[in-house]
1. Across segment 370-403, which residue is nearest to Ser256 (Cα to Cα) among those that are open to solvent by 90 Å² or more (accessible area, probe 1.4 Å), in contact (Cβ under 8 Å) with a residue 24 or more places away in the chain and not in a loop (DSSP other than H, G, I, E, B)?
2. Being under 22 Å from Ala102 (Cα atoms) and surrounded by fewer than 17 Cβ atoms within 10 Å (Cβ to Cβ) is the filter; apply it to segment 152-165 and report the residue that is modelled with the highest pLDDT.
3. Given (1) part of a loop (DSSP other than H, G, I, E, B); (2) open to solvent by 40 Å² or more (accessible area, probe 1.4 Å); (3) of a type outside the set (Ser, Thr, Tyr), where does Gly421 come up short, assuming only one miss?
4. Go through segment 81-92 residue by residue and tally those that are in contact (Cβ under 8 Å) with a residue 40 or more places away in the chain, in a helix (DSSP H, G or I) and open to solvent by 10 Å² or more (accessible area, probe 1.4 Å).
5. Going residue by residue through segment 167-179, is there one that turns out to be in contact with a helix residue (DSSP H, G or I) (Cβ under 7 Å, 6 or more places away or on another chain), without any contact (Cβ under 8 Å) to a residue 40 or more places away in the chain and not polar (S, T, N, Q)?
6. State which residue is least open to solvent (accessible area, probe 1.4 Å) when the search covers only segment 426-450 and only residues that are among the acidic types (Asp, Glu) and in a helix (DSSP H, G or I).
7. Tell me, which residue of segment 475-501 that is open to solvent by 40 Å² or more (accessible area, probe 1.4 Å) and either touching a Leu at 6+ places or on another chain (Cβ under 7 Å) or in contact (Cβ under 8 Å) with a residue 60 or more places away in the chain (or both) is nearest to Leu262 (Cα to Cα)?
Amino acid sequence: MEDDYYVSSDDDYYDEDDDRNNMELLEYVENYESLRPEAPTSKVISKESLLAAQRDDLQRVMDVLSLKEYHARTLLIHYRWDVDKVLAVLVERGKDRLYAEAGVTVVEDDNLVSSQFSSEVMCGICMDEIPSDQVTIMDCGHYFCNDCWTEHFIVKINDGQSRRIKCMAHKCNAICDEAIIRNLVSARDPNLAEKFERFLLESYIEDNRKVKWCPSVPHCGNAIRIEEDELLCEVECACGLQFCFKCLSKAHSPCSCRMWELWCQKCQDESVTVNYIAVNTKPCPKCYKLVEKNGGCNLVICVCGQPFCWLCGAPTGSEHTWDSIAGHSCGRFKEDEDMKLELAKRDLFRYTHYFNRYQAHTDSLKLESTLKKSIQAKISRLEEKELMFKDLSWATKALYRLFRSRQIISYSYPFAYHMFGDLFKNEMTAEERTIKQNLFEDQQQQLEANMEKLSLFTEEPFHEYEHEQIMELRMRILNLSTLTDKLCEKLYDCIENDLLGSLQRTRHSIAPYNSNGVEKASELTVSRDTTTSNSEIDLAANVD
């Protein structure tokens, strides 16, 4: 790929044939636009809506299974707050298995203590005789004194096991009643009881595979919930941060999560500096300080005064002629050292190639972000002229298309660095790698060239144009935006199917392409009027 972007005059790169071809493409894209799979919807859960969101799921399970709240919470924590999973296990295995696996014990009589015990009971932990009113029995039937229960709860809460505190009895997997935990702990330590409540509330996020905290720094306090089963997607929080829902890094498609992790490590690692040192310096044979040659002569002198040969690194005398150095003669080929040096040079050159292009597009994206105010100012100028057409959204849509395609091109270089480097060296032969790399780079260059054209068009001073010129520019921008969108989709298709899809030993996936960009999560609105469907209640009634 050439270093300079393709820039020329309008007549050179955009003619009537382009318009006709792109109009056909525009009609084609409009026809299949409705067939695009929708990206997973996402919701923002704020501090205010967290409790309501949790109670909404709790209420569904409570209505279906006629359970108390803490039983429903125990079930949902065990099944990672997946209501559909709870219902699926209910159908496949029945209530008894569902409850047993989650540690839920349901009893009908809530007055076991008063009906079962006499005036005093021996605690199985401290072995003291305790008045019956100071003994607590759990649903599993095991009972101990309140002091022993309280100590047990405090230890578990401090150990971070608040969400599933099990009974103290040997080999009992029953989960303790959270109301009992709350009452006993609050009598001893109110602050710890508040901590317990907070852990129960935050379990909706910590234990929920479809909900994750926004990784913003400083933290915005929001969490994101994905409504669909596909968790490999990119979302935008209400705070404006766009991130990958799977790995919580910033949005990085078309790189896979693993590729992006390796790229970030490569960019931050000192190995690049080490490679530069290996390529451009030699250690002094006397003091071992690194020396960089600043001239053409192969006799170099360290700051300690020791002369040595740059070719082999051996110490020499200080006198030399054009073709020899006093007291030294080297000419033997050292295959291993030279091979290591060449590999270091090649890796450094290859990394620099991809990093420079990645950084160039990243910088361009930052600079182009200032175009938004410029475009809005141009639109305002046109609106003041009261032209025949009022819809100027094509200008802003083209700008967002430019931002999206610029981001994709930027991350396509880290993808190429790993895809055609050592990460998959055992997955492809040299010939296969060359063919696939040429296929990818052809599509990458097409997208890059059209994206740069779109960038030039968006910068034109169309607020100074006459009506006919504006209409012509509008048609070109619309066609070019559609073409850019199509090329982005083709690049993703190439990556998903032709490149990553052909891997046999490893599995890499990327977030699907979204023509509208990274999806912005909407505010979660939980209605307490949302009741469980009659079919779910009937389902629970019919399952043993």
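1. Tyr400
2. Val155
3. Every listed condition holds for Gly421 apart from (2).
4. Residues flagged as in contact (Cβ under 8 Å) with a residue 40 or more places away in the chain, in a helix (DSSP H, G or I) and open to solvent by 10 Å² or more (accessible area, probe 1.4 Å) within segment 81-92 amount to 2.
5. No, that holds for no residue.
6. Result: Glu448.
7. Here the answer is Asp498.
To keep it simple, each residue is scored yes or no on (1) at pLDDT 85 or above; (2) open to solvent by 30 Å² or more (accessible area, probe 1.4 Å).
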position: Glu48; (1), (2): no, yes
position: Arg55; (1), (2): yes, yes
position: Val61; (1), (2): yes, no
position: Leu67; (1), (2): yes, no
position: Ala72; (1), (2): yes, no
position: Tyr79; (1), (2): yes, no
position: Gly94; (1), (2): yes, no
position: Val106; (1), (2): no, yes
position: Asp109; (1), (2): no, yes
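The values are calculated or read from the model by the stated rules, or taken from the named source; none is laboratory data. On a predicted model such as this, the values are computed, not experimentally measured, just so you know. All Cβ positions, glycine included, derive from the backbone under ideal geometry; neighbour counts span all protein chains shown. For the accessible areas, the whole protein counts, side chains as well, though only heavy atoms, and no ligand, DNA or RNA atoms are used. Shrake-Rupley method; radii C 1.70, N 1.55, O 1.52, S 1.80 Å.
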